[in-house]
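The values are calculated or read from the model by the stated rules, or taken from the named source; none is laboratory data. In this text the structure is predicted, and so the values were computed from the model without any measurement. So basically every Cβ, Gly included, is an ideal-geometry build from the backbone, and we count neighbours across all protein chains shown.
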Amino acid sequence: MSEEIRWVKTHCARNDHGGCGLLVGVKDNQIVQIKGDPDGYLNHGYTCYKGRVSADRLTHPDRLKYPLKRVGKRGEGKWQRISWNEALQETADNLLQIKEKYGAKAVGFGVGMPKGLEHFVLIRLANIFGSPNVIASQDVCHAPREITGVHTCGFYPVADLQNPMSLILTWGSNPLATNEEGQIGSLVLENIKKGAKLIVVDPRRTQLAARADLWLQLIPGTGPALALGFLNVIIEESLYDKEFVENYTYGFEDLAEHIKQYSPEKVSEITSVPAELIRQAARMYAEAKPAALQWGNAVEHSVNVFDHTRSLVCLMAITGNLEVPGGNINAHDPKIMGLGKFVRADLIPTKAKEMISTHYGIIPRLMTVAPAYFRKAVLESVPYPVRGYYGMCTNPLVNWADSKVTYEAFKSLDFIAIAEIFMTPTAAMADIVFPVAHQYEMNDIGHYGIGHGMILARPKIVDPPEECWPDMKIMNELGKRVSSPELWHEDYEEFLEDLVKPAGLTYKEFVAKGYLKGPDRFRLYLEKGFRTPTGKVELKLSVAEKFNLKPLPEFKGLSEENDSEYPLTLMSAKTPNYLLSSYRWVERLRQREPHPFVNIHPETAAANGINDGDKVLIETKHGKIVQVARVTDNVLPQVICAALGWWYPEGDPSQQYEWRKSNYNMLTSINKLGKEFGTPNLKNLPCRIHKQ
């Protein structure tokens with residue numbers, strides 16, 4: 001007899017960072033409906049279409065359902081089914097052989113953005129194995145904001161959308177389409193409804209820009225100059241918080257002198273934003289009490305990321321918007337296991353000295369390796385050879401800058417193992433592929449370790465296919481084979497118990513609560529100062545000379561010079577329908593966005609003989625791809641905005657699912673990198689287009 005619908009509370013995941021509270025309806029081990037939970041802390045009942053159809057990810061007929069071993073040439077698409085024991089043992093044997101020949105650091109452990117607790121189990125696996133090299137996307141995602149914040153003010157300044165504010169300044173952030181580490185767009189809209197003003201800094205006319213009191217449409221890549229222009233207006237017009245600046249900042253006089261060269265008129269020439277609009281926006285932000293600056297991932301897509309993020313933290317500081325409700329806050333964790341203890345950082349005390357990226361003088365506290373440096377180690381043995389790779393929750397062949405180099409690096413590795421839900425271009429390059437359980441099929445914890453002061457319960461709702469394992473289980477069992485078994489759990493779910501035990505809870509009790517949030521501690525600097533060498537917000541870095549960093553933020557120009565052969569400026573933007581390169585196989589999402597669309601201004605389209613719906617060739621000095629024209633005035637005439645993350649699950653397996661055809665990262669390069677984080681230039685690329 002069929003059971004009635006059973007409703008389970010959980011939180012969305014693997015759709016950006018997620019975090020929306022959900023009510024999931026289950027019947028006969030099948031998810032039949034998903035809707036927003038009115039009690040959701042971050043979303044108050046809202047959820048997006050991608051979240052509502054997220055169970056479709058689990059039921060595709062081509063989903064990976066058992067371990068595979070490569071039998072043809074690498075990337076040829078020929079596989080044989082093997083047992084879990086064979087897959088784990090073969091992976092362990094190969095990793096240990098590489099370790100014996102080259103040392104543990106010759107294995108890279110790869111991951112994308114943090115999606116759940118498995119991210120930190122992978123860091124633990126690397127640490128216990130002895131490798132300092134966790135290869136991650138942090139160079140272009142989250143870490144520049146977080147670590148620059150730590151160096152400047154002692155913490156990662158998160159926009160506080162839970163408390164009332166007078167104004168929200170979104171800077172390279174579009175939370176109505178994609179959510180930044182749980183900064184859900186519905187909270188932005190709620191604050192606007194309550195009277196908060198809105199300023200949007202974005203090269204595109206987004207839905208949010210259309211609602212803004214002021215929209216600053218800048219040329220891609222010129223954000224650092226615009227931020228310096230804001231600082232110029234606020235300081236020159238004495239709009240800064242004088243008490244805070246006098247008592248709690250270091251280097252203000254130097255900053256004030258330095259920013260005189262960034263007048264609104266000068267910045268207008270760089271950004272294309274009218275000087276008077278720069279003045280108006282800077283005044284509005286400075287005079288609003290409090291104001292939240294919601295910065296997005298886009299600020300991290302340029303070699304100038306350090307200057308960009310430094311300028312924005314300085315902006316928060318001199319206006320008195322740090323550590324105040326409704327401003328940018330230091331989010332404190334609840335009583336849970338600390339990150340260092342969880343990942344067993346104690347077992348690799350020399351990690352910071354031995355990482356690949358240390359050779360390049362990256363900024364202190366960045367503890368993952370930028371993909372550009374990993375590939376140099378693979379292809380050139382600099383600073384030492386790297387021959388193996390274990391990856392999960394990531395698709396480097398499409399998502400890393402300079403895809404041609406990624407392909408060459410993966411082709412040359414001695415051994416690759418990938419854990420995936422679906423055969424992706426990267427998984428197609430592996431020697432062993434593990435089939436994984438996905439969200440709703442495992443117990444998990446969300447938002448751990450990403451600096452937002454909360455963790456979210458994600459209980460298992462339905463059973464996975466028989467041979468699909470959670471990533472945490474795969475790594476727990478692999479860990480027992482490549483290191484001392486006593487460093488691992490009998491049952492991987494003990495990781496969940498470890499994490500919440502300091503709160504006096506079992507995992508089951510945590511699930512009943514739904515989430516844990518740390519205490520609000522505003523204006524803690526009044527008692528303790530800031531956790532920097534000077535005890536103050538360092539507008540001028542006191543350790544700049546020691547670490548070979550710039551003491552003051554600056555803008556020296558775009559990283560790629562103008563080229564008459566490539567007269568347009570290329571950028572990209574995430575879509576609300578996919579998660580970077582994920583889920584092109586989900587039919588209801590693909591129906592919404594069946595093709596990779598490139599946004600082209602009507603003037604530019606007409607000048608190039610392009611009509612809406614035409615296939616167009618996009619070219620940079622680094623490569624060329626084909627996408628489908630969408631003629632729109634939401635971009636400037638000199639700017640085109642291409643689609644990210646495209647490959648074709650329906651394509652030829654022997655060609656790794658046509659990852660070259662429309663993949664944005666065929667157009668990017670790692671020839672120039674930001675020194676501090678190893679960040680490549682992902683936007684403001686000189687380009688040209690023509691009808692195919």
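Cβ contacts < 6 Å: first residue without any contact (Cβ under 8 Å) to a residue 60 or more places away in the chain, restricted to the stretch 281-294; second residue among the aromatic types (Phe, Trp, Tyr) and crowded, with 24+ Cβ neighbours inside 10 Å, any location; separation 6+ or different chain. Result?
Pairs that qualify, where the first residue is without any contact (Cβ under 8 Å) to a residue 60 or more places away in the chain and the partner is among the aromatic types (Phe, Trp, Tyr) and crowded, with 24+ Cβ neighbours inside 10 Å, are Ala282/Phe230.
Search the stretch 33-57 for residues being charged (D, E, K, R) and in contact with a Ser or Thr (Cβ under 9 Å, 6 or more places away or on another chain), and hand back the single one that is nearest to Asn15 (Cα to Cα).
This residue is Arg57.
Pick out the one residue from Ala401, Ala428, Ala419 that is touching a strand residue (DSSP E or B) at 6+ places or on another chain (Cβ under 8 Å), modelled with pLDDT of 95 or more, farther than 19 Å from Ala372 by Cα and small (Gly, Ala, Ser).
Ala419
Can you tell me which residue among Lys105, Lys69, Lys73, Lys101 is of a type in the set (Lys, Arg), farther than 19 Å from Ala437 by Cα and touching a helix residue (DSSP H, G or I) at 6+ places or on another chain (Cβ under 9 Å)?
The match here is Lys105.
Quick check on Ile363: is it under 22 Å from the mean Cα position of the chain (by Cα) and closer than 30 Å to Ala503 by Cα?
No, not satisfied.
From the residues in the stretch 488-502 that are under 21 Å from Phe129 (Cα atoms) and of a type in the set (A, V, I, L, M, F, W, C), which one is surrounded by the most Cβ atoms within 10 Å (Cβ to Cβ)?
For the stretch 488-502, the residue satisfying everything is Phe495.
Tell me which residues, restricted to the stretch 366-391, are among the aliphatic types (A, V, I, L, M) and part of a helix (DSSP H, G or I).
Those that are among the aliphatic types (A, V, I, L, M) and part of a helix (DSSP H, G or I): Ala372, Ala377, Val378, Leu379.
Go through the stretch 237-289 and give me each residue that's among the small types (Gly, Ala, Ser), over 27 Å from Leu526 (Cβ atoms) and touching a strand residue (DSSP E or B) at 6+ places or on another chain (Cβ under 8 Å).
Scanning the stretch 237-289 gives a single hit, Ala281.
Suppose we filter the stretch 333-383 for residues that are small (Gly, Ala, Ser), in contact with a strand residue (DSSP E or B) (Cβ under 9 Å, 6 or more places away or on another chain) and under 16 Å from Gly674 (Cα atoms); how many remain?
Number satisfying all stated conditions: 3.
Starting from the stretch 82-106, keep only residues that are at positive phi, then list their pairs with residues that are basic (Lys, Arg) and surrounded by fewer than 17 Cβ atoms within 10 Å (Cβ to Cβ) whose Cβ atoms are within a distance under 6 Å, requiring at least 6 positions of separation or different chains.
none
Check whether at least one residue in the stretch 604-612 is within 30 Å of Asp241 (Cα to Cα) and free of Cβ contacts under 8 Å to residues at least 12 places away in the same chain, and report yes or no.
Among the residues of the stretch 604-612, not one is within 30 Å of Asp241 (Cα to Cα) and free of Cβ contacts under 8 Å to residues at least 12 places away in the same chain, which makes the answer no.
Looking at the stretch 630-649, which of the residues that are without any contact (Cβ under 8 Å) to a residue 60 or more places away in the chain and part of a strand (DSSP E or B) is nearest to Leu667 (Cα to Cα)?
Arg630
Checking Thr679 against (1) out of contact with any helix residue (DSSP H, G or I) (no Cβ under 6 Å at 6 or more places or on another chain); (2) farther than 21 Å from Glu565 by Cβ; (3) among the hydroxyl-bearing types (Ser, Thr, Tyr); (4) surrounded by 18 or more Cβ atoms within 10 Å (Cβ to Cβ), which single condition isn't satisfied?
Going through the list (1) out of contact with any helix residue (DSSP H, G or I) (no Cβ under 6 Å at 6 or more places or on another chain); (2) farther than 21 Å from Glu565 by Cβ; (3) among the hydroxyl-bearing types (Ser, Thr, Tyr); (4) surrounded by 18 or more Cβ atoms within 10 Å (Cβ to Cβ), Thr679 breaks only (1).
Could you grab me the full set of residues in the stretch 270-308 that are in contact with a Lys or Arg (Cβ under 8 Å, 6 or more places away or on another chain) and aliphatic (A, V, I, L, M)?
If the condition is that a residue be in contact with a Lys or Arg (Cβ under 8 Å, 6 or more places away or on another chain) and aliphatic (A, V, I, L, M), then Met284, Ala288, Ala298, Val299, Val303 are the ones that fit.
Checking the condition under 23 Å from the mean Cα position of the chain (by Cα), crowded, with 21+ Cβ neighbours inside 10 Å and in a loop (DSSP other than H, G, I, E, B), which residue from Thr406, Thr394 passes?
Going through Thr406, Thr394 in turn, just one is under 23 Å from the mean Cα position of the chain (by Cα), crowded, with 21+ Cβ neighbours inside 10 Å and in a loop (DSSP other than H, G, I, E, B): Thr394.
Which numbered condition in (1) surrounded by fewer than 20 Cβ atoms within 10 Å (Cβ to Cβ); (2) in a helix (DSSP H, G or I); (3) not β-branched (Val, Ile, Thr) is the only one that His595 fails?
His595 satisfies all of (1) surrounded by fewer than 20 Cβ atoms within 10 Å (Cβ to Cβ); (2) in a helix (DSSP H, G or I); (3) not β-branched (Val, Ile, Thr) except (2).
Condition test on Val313, is it assigned by TED's automatic domain parsing to the domain that holds Asp254, among the β-branched types (Val, Ile, Thr) and either in a helix (DSSP H, G or I) or at positive phi (or both)?
It is true that Val313 is assigned by TED's automatic domain parsing to the domain that holds Asp254, among the β-branched types (Val, Ile, Thr) and either in a helix (DSSP H, G or I) or at positive phi (or both).
Looking at the stretch 354-365, is at least one residue crowded, with 24+ Cβ neighbours inside 10 Å and part of a helix (DSSP H, G or I)?
yes
When the residues of the stretch 631-659 are narrowed to those that are within 14 Å of Met429 (Cα to Cα) and not aromatic (Phe, Trp, Tyr), which ends up surrounded by the fewest Cβ atoms within 10 Å (Cβ to Cβ)?
Asp652
Table: residues versus (1) under 25 Å from the mean Cα position of the chain (by Cα); (2) loosely packed, with under 15 Cβ neighbours inside 10 Å; (3) closer than 30 Å to Gly18 by Cβ; (4) not hydroxyl-bearing (Ser, Thr, Tyr).
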residue: Gly529; (1), (2), (3), (4): no, no, no, yes
residue: Phe547; (1), (2), (3), (4): no, yes, no, yes
residue: Leu570; (1), (2), (3), (4): yes, no, yes, yes
residue: Tyr583; (1), (2), (3), (4): yes, no, yes, no
residue: Leu589; (1), (2), (3), (4): yes, no, yes, yes
residue: Thr604; (1), (2), (3), (4): no, no, no, no
